[in-house]
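Trainee: Have a look at the structure that comes next, please.
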Amino acid sequence: MIQIDDNRCDLCGACVGICPADAIAMSELKLRIDPDTCINCDLCVIVCPFNALEAEHEASKV
Amino acid sequence: MKQVKYDVIVVGAGPAGSLAAIHAAKGGAKTLLLEKDRDIGYPVRCAEGVSHIGLTNYVALDPRWIRSTIKDAILIAPDSTQVPVATNNEMGYIIDRRIFDYDLAMLAAKEGVEVQTKAYVYDLLKAENGAVTGVKLDYMGKKLEIASKIVIGADGVESRVGRWAGLHTAVKIKDMESCAQFTVAGINVDPGKILFYFGESWAPGGYLWVFPKGNNLANIGLGVNGERTGLGCALDLLSKFLKNHYPEASILTTVAGGVPVAKTLKRITTDGLLLVGDAARTVNPISGGGIATGMLSGKLAGEIAAEAIEKGDFSNSYLENYSKKWSKAQGKNHERLYRVKEVIFRLTDEELNSLAAKVINIPVSERTLLRIFKTLFMNRPALMKDILLAIAGL
Ligand SMILES: Cc1cc2nc3c(=O)[nH]c(=O)nc-3n(C[C@H](O)[C@H](O)[C@H](O)COP(=O)(O)OP(=O)(O)OC[C@H]3O[C@@H](n4cnc5c(N)ncnc54)[C@H](O)[C@@H]3O)c2cc1C
Ligand code: SF4
Ligand code: SF4
């Protein structure tokens, strides 16, 4: 699961462009990540210029 | 959206989309231009630098767009050696994209294009054979479907239109620059000078820019290569730079952005669809500049779309004429620049410092970008050839 921090997100679209699974949608007002489509590659987390995304994988959810 | 059917629908009203719409309409096509944001040209995710030629090739220059005229460019090495580059007088401008993008959409409207903001396209209409036949959009909470003969995807770095049509558009992480930019006020900068900082500490795998906008304003930003964001996100690196170099600055605007420094997509057309601008990955892979090349791709796509409408042939085999024209006009050069990019943005700080130490001895009037590349690629004839051909072709 990718968590979005809406306060940090600037709706720039870099993560949408990098997502290999087309799991991210961005309207004028909000970013959405579809957890069923997401393949947990974390590329969006890596590319976000504002650190607005965080990966919450099973392993780290202890 | 007064009609139920259009010849051409353009998704995204950036420079590429507006140019596509202008040229489709000029060629006689009934054209609709859709933009998801409430304002065209805002927010500005751009350092707003464009060369004189790059701008005036596609539109008549309006002085209202110009915030400053650039006369000098300075490259700065990791050890802070400043390397001024020889330039000609009409080098380029820092423009105001808020006004510029708005005016381009207005020019489109003048040509008879219907422009609609707050129109968020969320899917495509397709025929049984997969050909694109229009768009699905959300307009102020209402779901609408609008048919067209051709759709032009001009939806920027975040493009999804191409994917919905079945094209492979995802950018590789090494081909994405993760960018942050401040527009700052109250700093002492020369309005005719642009600065580029290279190296690990400023912007790993990218560069940092200071682009003056007059009145002691400047766009200060940086791009970090997607593979190299481990040292901190773009925003943190930028904040650090500002604190050290311009502690007196007031930050008026903060934006994030992604720049695809990739080769143009292998396929930028399919039945009933063309991609332009950032959506097609038309950005210059070295400079990261995409305004001029986006406009070029938009113009070419708009012209082909209009011809296709006139001929009644919206198939990929006809629309591919656009991709051929793009490749000839700019795409091939971008492949050369891409190969060069793969080398220069991997140079270590030591290599950059040693290059600066060498080229600083060249008299400034002869210290062109080409001379600098020649020094760098002395023992690499293949890359030298790429650069020579690319510069001749630009
Ligand atoms: C930080 C930064 C600095 C840059 N600096 C420079 C520079 O100095 N010089 C330069 O030449 N280039 C620069 N660039 C690159 C330049 O900004 C882009 O290449 C250029 O804007 C591309 O134009 P475009 O028309 O393809 O896309 P955009 O200008 O991105 O326009 C795309 C439009 O499509 C709209 N859209 C997206 N999805 C949808 C949808 N689903 N429905 C409806 N509308 C949609 C968007 O809202 C947007 O308005 C910079 C980029 C960044 C991020
Ligand atoms: S890259 Fe970051 S700031 Fe940009 S849209 Fe995605 S989450 Fe938001
Ligand atoms: S983790 Fe990968 S698949 Fe999931 S949203 Fe991010 S980029 Fe897309």
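Trainee: Only one of these is within 16 Å of ligand 2 (Cβ to nearest atom), closer than 18 Å to B:GLY277 by Cβ and among the β-branched types (Val, Ile, Thr): B:VAL8, B:VAL44, B:VAL115, B:VAL50. Name it.
Mentor: Result of the check over B:VAL8, B:VAL44, B:VAL115, B:VAL50: B:VAL44.
Trainee: Let me ask something additional. Going through the stretch A:8-27 one residue at a time, which ones are in a loop (DSSP other than H, G, I, E, B) and either away from ligand 1 (no atom under 12 Å from the Cβ) or surrounded by 15 or more Cβ atoms within 10 Å (Cβ to Cβ) (or both)?
Mentor: Answer for the stretch A:8-27, where residues must be in a loop (DSSP other than H, G, I, E, B) and either away from ligand 1 (no atom under 12 Å from the Cβ) or surrounded by 15 or more Cβ atoms within 10 Å (Cβ to Cβ) (or both): A:ARG8, A:CYS9, A:ASP10, A:LEU11, A:CYS12, A:GLY13, A:CYS19, A:PRO20, A:ALA21, A:ASP22, A:ALA23.
Trainee: Tell me which of these B:GLY226 doesn't satisfy, since it passes every other one: (1) within 16 Å of ligand 3 (Cβ to nearest atom); (2) at pLDDT below 95; (3) outside the structural domain of B:GLY302 (by TED's automatic domain parsing).
Mentor: Failing condition for B:GLY226: (2).
Trainee: State all residues of the stretch B:143-175 that are closer than 19 Å to B:ASN284 by Cα, in a loop (DSSP other than H, G, I, E, B) and among the basic types (Lys, Arg); if no residue qualifies, say none.
Mentor: B:LYS172
Trainee: Go through the stretch B:101-135 and give me each residue that's within 26 Å of B:TYR58 (Cα to Cα) and either within 14 Å of chain A (Cβ to nearest Cβ) or part of a helix (DSSP H, G or I) (or both).
Mentor: Passing the criteria: B:ASP101, B:TYR102, B:ASP103, B:LEU104, B:ALA105, B:MET106, B:LEU107, B:ALA108, B:ALA109, B:LYS110, B:GLN116, B:THR117.
Conditions (1) surrounded by fewer than 24 Cβ atoms within 10 Å (Cβ to Cβ); (2) touching an Asp or Glu at 6+ places or on another chain (Cβ under 6 Å), marked per residue:
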{"position": "B:ASP7", "(1), (2)": "yes, no"}
{"position": "B:ALA21", "(1), (2)": "no, no"}
{"position": "B:GLU48", "(1), (2)": "yes, no"}
{"position": "B:HIS52", "(1), (2)": "yes, yes"}
{"position": "B:LEU55", "(1), (2)": "yes, no"}
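Trainee: For the stretch B:224-326, which helices (runs of 4 or more DSSP H) that fit wholly inside it have 3 or more residues that are touching a Leu at 6+ places or on another chain (Cβ under 8 Å) and hydrophobic (A, V, I, L, M, F, W, C)?
Mentor: In the stretch B:224-326, the matching helices (runs of 4 or more DSSP H) lie at B:234-245, B:291-311.
Trainee: Give the residue that is surrounded by the most Cβ atoms within 10 Å (Cβ to Cβ), with candidates limited to residues of the stretch B:136-174 that are on the phi > 0 side of the Ramachandran plot and either at pLDDT below 95 or facing chain A (nearest Cβ under 8 Å) (or both).
Mentor: Among those residues, the one meeting the criterion is B:GLY156.
Trainee: Given B:LYS240, B:LYS263, which one is more than 30 Å from B:LYS126 (Cα to Cα), more than 16 Å from ligand 2 (Cβ to nearest atom) and at pLDDT 95 or above?
Mentor: It is B:LYS240.
Trainee: Return the residues of the stretch B:110-125 that are free of Cβ contacts under 8 Å to residues at least 40 places away in the same chain and away from ligand 1 (no atom under 16 Å from the Cβ); say none if nothing qualifies.
Mentor: Of everything in the stretch B:110-125, just one residue is free of Cβ contacts under 8 Å to residues at least 40 places away in the same chain and away from ligand 1 (no atom under 16 Å from the Cβ), namely B:LYS110.
Trainee: Answer yes or no as to whether B:ARG346 is surrounded by 14 or more Cβ atoms within 10 Å (Cβ to Cβ) and not β-branched (Val, Ile, Thr).
Mentor: Spelling it out, it is not the case that B:ARG346 is surrounded by 14 or more Cβ atoms within 10 Å (Cβ to Cβ) and not β-branched (Val, Ile, Thr).
Trainee: What number of residues within the stretch A:30-50 are within 12 Å of ligand 2 (Cβ to nearest atom) and assigned to a loop (DSSP other than H, G, I, E, B)?
Mentor: Total satisfying the criteria: 4.
Trainee: With touching a Gly at 6+ places or on another chain (Cβ under 6 Å) and in contact (Cβ under 8 Å) with a residue 12 or more places away in the chain as the only criterion, which of B:LEU275, B:LEU337 stands out?
Mentor: The conditions single out B:LEU275.
Trainee: Look through B:ILE187, B:ILE220, B:ILE194 and report the one residue that is within 28 Å of B:ALA86 (Cβ to Cβ), without any contact (Cβ under 8 Å) to a residue 60 or more places away in the chain and either more than 14 Å from every other protein chain (Cβ to nearest Cβ) or not small (Gly, Ala, Ser) (or both).
Mentor: B:ILE220
Trainee: Look at A:CYS19 and say whether it is of a type in the set (A, V, I, L, M, F, W, C) and over 10 Å from the mean Cα position of the chain (by Cα).
Mentor: no
Trainee: Right, next: Taking A:LEU53 as the residue in question, decide whether it is within 13 Å of ligand 2 (Cβ to nearest atom), more than 7 Å from chain B (Cβ to nearest Cβ) and surrounded by 15 or more Cβ atoms within 10 Å (Cβ to Cβ).
Mentor: In short, yes.
Trainee: Hey, can you tell me all the residues within the stretch A:45-56 that are within 16 Å of ligand 1 (Cβ to nearest atom) and within 11 Å of the chain's Cα centre (by Cα)?
Mentor: Across the stretch A:45-56, the qualifying residues are A:VAL47, A:CYS48, A:ALA52.
Trainee: OK, next. Given B:SER178, B:SER201, which one is part of a loop (DSSP other than H, G, I, E, B) and either surrounded by 21 or more Cβ atoms within 10 Å (Cβ to Cβ) or in contact (Cβ under 8 Å) with a residue 24 or more places away in the chain (or both)?
Mentor: None of the others qualify; the one that does is B:SER201.
The values are calculated or read from the model by the stated rules, or taken from the named source; none is laboratory data. No experiment lies behind these values; they were computed from the predicted model shown. Methodologically, a virtual Cβ is constructed for each residue, glycine included, from the backbone with ideal geometry; neighbour enumeration extends over all protein chains shown.
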